[in-house]
Each structure stands twice: as C-alpha cells, then as structure tokens.
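To start, the structure itself, in structure tokens.
The values are calculated or read from the model by the stated rules, or taken from the named source; none is laboratory data. Note that this is a predicted model, so its numbers are computed, not measured. Ideal geometry is used to build each Cβ from the backbone, glycine not excepted, and the neighbour counts take in all protein chains shown.
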C-alpha cells in the first residue's frame, strides 16, 4: 500500500492567507483531496527537454492575475484555455 501525503491548506489559512487567492500546483491529485478548489494539476516532468507544461502553466497563471477567487474557476481544462494556447503559438514562432 502506497502512502499519499495530503497537503492541507488549513495551515496556510491559519497564517492569515486568504484561500481565495491561493493555488496549489501538483502532479498528484490525491494530495489535494481536501482543497481541490485551489488545485491546478500538471503532468509529471519526466526529463524531456521539450516539455512545455511549465511555460504553458505560467501563461495560464498570468491570465488569472485579476481573478478575485481562484476557487470558483474551472481549472480542469486549463491547458486548452487561450492563455496556454497563446504561449504555444508564441513559443513556436520565436
């Protein structure tokens, strides 16, 4: 049986941070079982030098800068959103 460490945002909240403006980025959905509204899931990095996951994620995160509450956003399809697509086009043309 594999042990999964669940990352709980209660500690973050106790420190005075607003969970509306906190995002958790991980490649293991089980770790965010208690705070899935704050989660953005990425593909695991496996050493591929051509991996584009983090640059696409950066574009997506920039697109969220003015959002008041990240928890209300649908994040499951973040890779297909315009911000991530825009990165792909820019990256290929440079």
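A compact table of results
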{"item": "Hits in segment 7-43 - residues which are closer than 18 Å to residue 61 by Cβ, part of a loop (DSSP other than H, G, I, E, B) and over 14 Å from the mean Cα position of the chain (by Cα)", "result": "9, 17, 18"}
{"item": "Selection within segment 11-33 - surrounded by fewer than 13 Cβ atoms within 10 Å (Cβ to Cβ), touching a residue at least 12 places away in the same chain (Cβ under 8 Å) and farther than 22 Å from residue 54 by Cβ", "result": "33"}
{"item": "Residues being assigned to a helix (DSSP H, G or I) and modelled with pLDDT under 90 - total across segment 44-85", "result": "6"}
